[in-house]
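Have a look at the structure below, then the notes.
The values are calculated or read from the model by the stated rules, or taken from the named source; none is laboratory data. Given the structure is predicted, the values throughout are model-derived calculations rather than measurements. As a convention, Cβ positions derive from the backbone with ideal geometry for all residues, glycine included, and neighbour counts pool all protein chains shown.
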Amino acid sequence: MDRFEHCPAFGRCTIRHFTDDTTSMKRIAARDFEDILQCCPSIFCGLFPNEIGGIVQDLLFVMAAWHALAKLRLHSETSLQIFEGVTRELGFQLRRFKTDVSLAEKAAKAVVNEVKVGSTSKRGNEKGKKKKQGTAKIQKTFNLSTYKIHALPDYPAAIRRMGTTDNFTSQIVGDFTQPFSQ
């Protein structure tokens, strides 16, 4: 069962009810990513071992803080300096996540593979039985070398130069004017 299903909606347009299978990340609108980010710390609590869970919680907190600062409609020089500091911290947390969590994940997979190899060698080659050939999922690794991550430090400078992006939204205007359906 999807943990996001148990997360209640908040307000009419603040946090909406999540879809049936939010964790698959399919059929998600841009506005849903913000809701997911805001609810992830409580949903992810207790999912990971302590050493990894702390890193994930720290990263989620800094990401939410960064997102809140990026979304502000009015900035002062002080808020932009705070935004630059949070951006540096976000870069640090992303690199920490990449090194610590990726290494822990590789170690865990190595142990699982060792166990699988040991169990298949114990069984030996059984004649007459065919191995199942299923479709293996493509392994996705966390990649720090993307333009999105490379451009994060440019956000405060862009806001300082061009202003905020409060004129843009991915939310449908009609969502705020429609009466609440019962």
Which fully enclosed helices (runs of 4 or more DSSP H) of region 69-164 have 2 or more residues being over 30 Å from Leu47 (Cα atoms) and modelled with pLDDT of 90 or more? 77-96, 154-162
Kindly provide the set of residues from region 42-89 that are of a type in the set (Asp, Glu) and under 26 Å from Arg160 (Cβ atoms), ordered by number. Glu77, Glu84, Glu89
